[in-house]
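See structure below.
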Amino acid sequence: MRAARRRLCSALIVAYGLFSLYAAYTVFLRPRRPAAPRSHRDRHGPRGFTDHVALGNEEWNPWDADEKNELAASQQRYEANLKMIKYARSHLEQTNLRVQIWGKAAIGLYLWQHIFGGHLEPADVIAQWREGSQNAGKTYFSFLTGPSVVPGYFSVEAEHVVLVLNGREPAKIAYATQWLHYAQTLMETRKIQHVAVVLLGNEQCNNAWIQPYLKRNGGFVNLLFVTYDYAFVNEEDIFQWPLGVATYRNFPVVEPSWSMLHDPRSYLCNFLGTVYKNSSRETLIKILKQDGLDKLCWIAAREQWQPQETNESFKNYQDALLQSDLTLCPVGINTECYRIYEACSYGSLPVIEDVMTPGDCGNSSAYHSAPLQLLKTMGAPFIFIKNWKELPAILEKEKKMSLQEKIQRRKKLLEWYRNFKAWMRQKFINILENSFLPSDKG
């Protein structure tokens, strides 16, 4: 359908160009008909008028100046039309990369709606099939997602594919490999030329299963964008990707408002989440209670993780972000968590426990500041602490801050987050174009 619309638009532009050229021919090149002979009455009009208009053998044409002006205007329109046709043709030529994104993990919604600012139709989040499209740089992007998007049962409308997958646990990996095998079949039958993968990686960076699929290892995947501090990130064909917000819980795209920026907030800080046994989260709760700081913060702890929120609990969580100056971000299985990005969405400054968690995550050849290398590299204006014993001093400082100081801090945070998403979008586009269109390098 999109290809047909594109062909129709091209046909309309060509038709308009041909019509303009025909009009120019009519005005400038087609032989003029001889003027009709003047009537007897005209030849013998009043003598004074005849003497006035006769100049040798030529007769004066009172509309001659208007005709010259019209010819000049026609010439200008003709040249303008030629320029428009050339511009339209060059625009069509510039958008010379078509990329189809298959969103088979919730992180794909963060890519499309939050980073790309794209829309999906239908808007219903539980729809079986959702799609969107946009032009960016030299690339036309289309996005497909939903349960009805299954291998072999949708139209592959581009030769370049971005596959968004979940590789957190064995069941998700098994599903992801089905899609990789489908993409590999399309590659082998020459129906697609390039494949990139955006991967929700394992929280302990156990991503060895994806390595054989990479082109560098004899596979077919040209590019890998992966979450968390994966040690194999090299900024050549493996790139770190932000975890983003919990789109699987339908966390929305939040548009900053005047009140979000300027209104005083009721709480110094918030933490709504699961408190695991023998974790630093237990330490955090004890410190808050010992100093009575829990009365100044919105605290709602639970003992078991819940994959889905009720409408009430989700609203409470959003209200807590909106009504708190700080959002406390203790480590879980990984240091990076959805809460960091969700706090940024509401202008609540993240206070992050800056420690490495067990597993294979860590520094790479490209980054040396794990954890949270991507955010640190981008100059995230967060508060990083090594121990929650530092929190009481931070909250004491918060008490002394004026509203105006907090407003300026919110503006800085929201502006940074907006720029961060824009930078990730442009980086993603550049990497795809440089890899899929090698002739355009340099």
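Taking a point 7 Å from the Cα of Lys412 along the Cα-to-Cβ direction, the residues of segment 360-388 with backbone N closer than 12 Å to it are 380-383.
For Leu272, the residues whose modelled amide H falls within less than 5 Å of its own, excluding neighbours fewer than 5 places apart on the same chain, are Ala300. Among residues other than Ala105 with Cβ under 10 Å from its Cβ, the summed charge is +3 (Lys and Arg +1, Asp and Glu -1).
Shape analysis of segment 289-442 places it in the prolate category; the axes a ≥ b ≥ c from the Cα gyration tensor give an a/c of at least 1.5, with a/b above b/c. At a Förster distance of 45 Å, what's the computed FRET efficiency of Lys400 paired with Tyr175, Cβ-Cβ distance as r, to 0.05? The calculated FRET efficiency here is 0.30.
Highest first, please rank the peptides 245-254, 185-194, 322-331 by the mean number of other Cβ atoms sitting within 10 Å of their residues.
322-331, 245-254, 185-194
Considering the dipole of segment 193-340 built from charges on the beta carbon (Lys and Arg +1, Asp and Glu -1) around the Cα centre, which of Tyr228, Trp298, Tyr213 is farthest to its positive end? Looking along the dipole axis, the top candidate is Trp298.
Of the peptides 427-433, 201-207, the ranking by mean beta-carbon count within 10 Å, highest at the top, reads 201-207, 427-433. For the peptides 375-381, 108-114, the ranking by mean Cβ contacts within 10 Å, running from highest to lowest, is 108-114, 375-381.
Would you mind getting me the FRET efficiency between Ile126 and Gln76? Use the beta-carbon distance for r and R0 = 35 Å, nearest 0.05. About 0.05, to the nearest 0.05.
Each residue of segment 234-251 was assigned a 3J(HN,Hα) from its phi angle through the Karplus curve 6.51 cos²θ - 1.76 cosθ + 1.60 (θ = phi - 60°); the sequence is 10, 6, 10, 10, 10, 10, 7, 10, x, 5, x, 8, 7, 5, 5, 9, 6, 5 Hz, with glycine and proline shown as x. Using the Karplus relation 6.51 cos²θ - 1.76 cosθ + 1.60 with θ = phi - 60°, the per-residue 3J(HN,Hα) values for segment 144-157 come to 10, 7, x, x, 7, 7, 10, x, x, 10, 8, 7, 8, 10 Hz, with x marking Gly and Pro. Averaged over its residues, segment 103-195 has an accessible area of 46 Å² per residue, based on protein heavy atoms and a 1.4 Å probe.
Just the ratio, please: alpha-carbon radius of gyration of segment 236-307 over 2.2 N^0.38 Å, N its number of residues. The partial results should precede the final answer.
Values: Rg = 16.7 Å, N = 72, 2.2 N^0.38 = 11.2 Å.
After normalising by residue count via 2.2 N^0.38 Å, the value is 1.49.
The HN-Hα couplings worked out from phi for segment 376-384 by the Karplus form 6.51 cos²θ - 1.76 cosθ + 1.60 (θ = phi - 60°) are 5, 4, 8, x, 4, x, 8, 9, 9 Hz, whole numbers, x standing for Gly and Pro.
Taking square-rooted eigenvalues a ≥ b ≥ c of the alpha carbon gyration tensor, is segment 372-411 rounded, prolate or oblate, where a/c under 1.5 means rounded and, failing that, a/b exceeding b/c means prolate? Intermediate values should be presented prior to the final figure.
Working: a/c = 5.41, a/b = 1.21, b/c = 4.46.
Cα axes put segment 372-411 in the oblate bin.
Annotation: amide H-H contacts under 5 Å for Thr335 (H modelled 1.01 Å from N, sequence separation of 5 or more, or interchain): Thr357.
With Rh defined as the Kirkwood radius, the inverse of the mean 1/r over Cα pairs, the Rg/Rh of segment 314-376 is 1.04. Accessible area per residue for segment 234-359 is 44 Å², calculated with a 1.4 Å probe on protein heavy atoms, without ligands, DNA or RNA. Once you list every other residue whose beta carbon is under 13 Å from the beta carbon of Glu159, what net charge do they have if Lys and Arg are +1 and Asp and Glu are -1? Charge balance in the 13 Å sphere: +2.
Per residue, the Cα convex hull of segment 358-436 amounts to 110 Å³. Normalised by residue number, the volume inside the convex hull of the Cα atoms of segment 123-165 is 93 Å³ per residue.
Taking amide H as placed 1.01 Å from N in the peptide plane, the amide H of Val198 sits under 5 Å from that of Leu163, Val164, Leu165, Phe225, each at least 5 places away or on another chain.
Given a Förster distance of 22 angstrom, what is the FRET efficiency for Arg302 paired with Ser266, based on the Cβ-Cβ distance and rounded to 0.05?
0.50
The values are calculated or read from the model by the stated rules, or taken from the named source; none is laboratory data. Quick caveat, the model's predicted, so the values are computed rather than measured. Backbone-built Cβ (ideal geometry, glycine too); neighbour counts: all protein chains shown. Accessible surface is based on the protein model in full, side chains and every heavy atom, while ligands, DNA and RNA are left aside. Shrake-Rupley method; radii C 1.70, N 1.55, O 1.52, S 1.80 Å.
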